[in-house]
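**Q** Got a structure for you, written out below as structure tokens; questions coming shortly.
Nothing in this text is a laboratory measurement; each read-out follows from the coordinates by a stated rule. Quantities reported herein were computed from a predicted structural model and do not represent experimental measurements. Quick reminder, even Gly has a Cβ in these numbers, built from the backbone with ideal geometry, and neighbours come from all protein chains shown.
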Amino acid sequence: MKKIRDASMIIGLLENGQFNPALSNEIGETLQKLSEMSEENPHATFKGQTTVKLNFSVKDGMVTIGVDMESKTPKRPRKNSVFWVVEDGALSTEHPRQHDMFATRAVPDAGSQSATQ
């Protein structure tokens, strides 16, 4: 009679050998998401987890093992947008107390400037 006591061997046998590659894929996807988040913001630390749950049911000396896995990664940070509130509660992308530096303005005539000097 073959006895199985090694956890890695049990995991390798679950779901007819299909659980281990699925778990490896889940871990890879979690790490990929965390890596992408880290590339977007290299000064921050991003944490995630992959949890494996083994459910055992024993009846008359026979065990049934059910598995469940779940991964969690932080929500991707969203960027804030800045607006100013203007009259009647409307929003503006331009500061209401600043003049537009790029607006077209009249340029004084060069001839009139030299006459005043």
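**Q** Taking 0.36 nm per residue of separation and subtracting the Cα-Cα distance, what length does fully extending Val58 through Val85 add?
**A** 3.2 nm
**Q** For helix 19-40, what angle does its Cα long axis make with the longest principal axis of the chain, in degrees from 0 to 90 and rounded to 10?
**A** The angle comes out near 20 degrees.
**Q** Count neighbours as other Cβ atoms within 10 Å of each site's Cβ, and list the trypsin sites (Lys or Arg not before Pro) in segment 1-35 that are DSSP loop with at most 13 such neighbours.
**A** Filter output for segment 1-35: Lys2, Lys3, Arg5.
**Q** Working only with C-alpha atoms, what are the Rg and Dmax values of segment 7-74, expressed in angstrom?
**A** Using the Cα atoms of segment 7-74, the pair Rg, Dmax is 15.9, 56 Å.
**Q** So, one more: Among (i) 113, 34, 21; (ii) 36, 35, 25; (iii) 42, 27, 26, which is the computed Cα extents along the principal axes in Å?
**A** Checking each listed value against the structure points to (i).
**Q** A follow-up question, please. In nm, give the distance between the simple-model label positions of Glu26 and Lys2, each being 7 Å from the Cα along the Cα-to-Cβ direction.
**A** Each label point is offset 7 Å from its Cα along the Cβ direction, giving 2.5 nm.
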